[in-house]
Amino acid sequence: MAEAILIVDDEDIIRESLSFVLGKEGYKVRDAPNGLVAAEMMKTESFDLVLTDLEMPEMKGIELLDHVTRFSPETLVVIITAYGSIDSAIAALRKGAVDYILKPVEFDELLVKIRRLMAGRRLTLENKLLRGELNRQYDFSNIVGRSPAMEKVFDTIRKVAATDGTVLIHGKSGTGKELVARAIHFNSKRSARAFIPVNCGAIVENLFESELFGHKRGSFTGATADRDGFFKAADGGSIFLDEVSEIPLHLQVKLLRAIELKEITPVGTSTPQSIDVRIIASTNKNLEKEVEAGRYREDLFYRLNIVEINLPPLAERGDDLPLLVQHFVSKYAREMNKDVRGVDNEVMKCLVAHSWKGEIRELENIIERAVIFAEGSLITKNELPGFFEQRQEALYPFDAGRSMKEAVDEFERQYITHVLKANGFNKEATAKALKISLSSLYRKIEELAIPSQA
């Protein structure tokens, strides 16, 4: 679609010549004899650029500039001025005009400027749209969950996103730690700058320092050029150190220095560089135990753990599983352009009873697979992997020779054992998942002779 330009000048010959030249270039051109007429036109029409003279009757160019800045801030303004009025043009630049051009107008020069300005404007608008999509994609309110455990997570994200505080996200692999980190970044004042995710568990140990802090040419074999590290790339934004427990002990002091002094020293130089980076870290290990075992610096742990967010496993989010299932069904049905709207009751029972060792990531993978094979509007058990059938049979054995009490006891024994295993034999978490008191769980364990540990 052609960009729209409004030419504002009280000289007919200038308006007509500029309209002809810009129209030949493919722009949609309108004109006005003064600022007042232009302001009225802008109430009903949108323009990408206003090209205006400064000295005009009714409303001068500087007043029109004020009007555009106030009511149409995305419209660019270029000033046309005589050589003797350059001071006025500079004043207009200070008030928001993007450029000026001198009379008599050199058309080639004008076209070059307008092409450059329009290209820059398109790029700016595209970036805004992309940023808006990212903000919507990673808005914390779109992280699926209504369980009390997740409401607590949402509340913490809301509070910490507005600050620059260091955050440590703790949770099992697959619980969505990076999604939370991105939600914090994209809802912070740093959202317009870079978010750099770093998988600390995937970096070769002897390259850790170079990857994080950069290096100078010739500092080691293979360093054929200067290179910025992840911290420099994140300058002004946020760095997400995923699985921060994997950083080698001898480099932890350098990470501590980067956090405390806000500076890094690339490999091969002794000159520190200032950085402005927010640290968001995650781990699936208990860092306090790592500190006790001497594998992690205590001072670094306390610097990372300013705000802690604990992501609950799926076993503690029973109420959220149907929401997550529907979320992933909708996501993949939309991506694959398939009319799949949900899962049937039998599938939901299988999913609720499943022990999700791979957490949300495993659930998402299974739903994606099911949508691929789905033939109707609802996913059936035929679209689930075969191990669901085997586990369901093992979980719900049928023996017509048993009494009702024996059958109920056997069901409770297997189901409680199943939930205990899913929660790593943590009895408090198991009681919470079963929605019974801790004392009731202990009583059931004793009555039904359930193993209370692996």
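Numbers at a glance
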| quantity | calculated |
| --- | --- |
| Evaluation of THR44 against (1) within 22 Å of ASP87 (Cα to Cα); (2) out of contact with any strand residue (DSSP E or B) (no Cβ under 9 Å at 6 or more places or on another chain); (3) not in a helix (DSSP H, G or I) (one fails), failing number | (1) |
| Selection status of ILE14, touching a residue at least 40 places away in the same chain (Cβ under 8 Å), closer than 20 Å to LEU117 by Cβ and touching a Lys or Arg at 6+ places or on another chain (Cβ under 9 Å) | yes |
| Strands (runs of 3 or more DSSP E) enclosed by region 48-158 - at least 1 residues per element that are at pLDDT below 85 | 76-81 |
| SER274 surrounded by fewer than 15 Cβ atoms within 10 Å (Cβ to Cβ) and in the same structural domain as GLY222 (by TED's automatic domain parsing) | yes |
| Residue that is surrounded by the fewest Cβ atoms within 10 Å (Cβ to Cβ), among those in region 191-249 that are touching a His at 6+ places or on another chain (Cβ under 6 Å) and in contact (Cβ under 8 Å) with a residue 40 or more places away in the chain | ALA223 |
| Candidates PHE328, PHE231, PHE240 - the one that is over 24 Å from GLU209 (Cα atoms) and within 20 Å of the chain's Cα centre (by Cα) | PHE328 |
| Some residue of region 49-56 being out of contact with any Pro (no Cβ under 8 Å at 6 or more places or on another chain), free of Cβ contacts under 8 Å to residues at least 12 places away in the same chain and either of a type in the set (A, V, I, L, M, F, W, C) or more than 18 Å from GLU109 (Cβ to Cβ) (or both) | no |
| Any helices (runs of 4 or more DSSP H) falling wholly within region 206-261 and containing at least 1 residues that are within 14 Å of ILE196 (Cβ to Cβ) and β-branched (Val, Ile, Thr) | none |
| Test: residue in region 317-327 that is among the acidic types (Asp, Glu), closer than 18 Å to THR175 by Cα, modelled with pLDDT under 90 and outside the structural domain of VAL153 (by TED's automatic domain parsing) | yes |
| Conditions (1) at pLDDT below 90; (2) loosely packed, with under 15 Cβ neighbours inside 10 Å; (3) closer than 21 Å to THR175 by Cβ; number of the one not met by GLU308 | (1) |
| Of all residues making up region 331-355, the number that are under 25 Å from the mean Cα position of the chain (by Cα) and closer than 30 Å to LEU287 by Cα | 0 |
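The values are calculated or read from the model by the stated rules, or taken from the named source; none is laboratory data. Quick caveat: nothing in here was measured; it's all calculated off a predicted structure. As a convention, Cβ positions derive from the backbone with ideal geometry for all residues, glycine included, and neighbour counts pool all protein chains shown.
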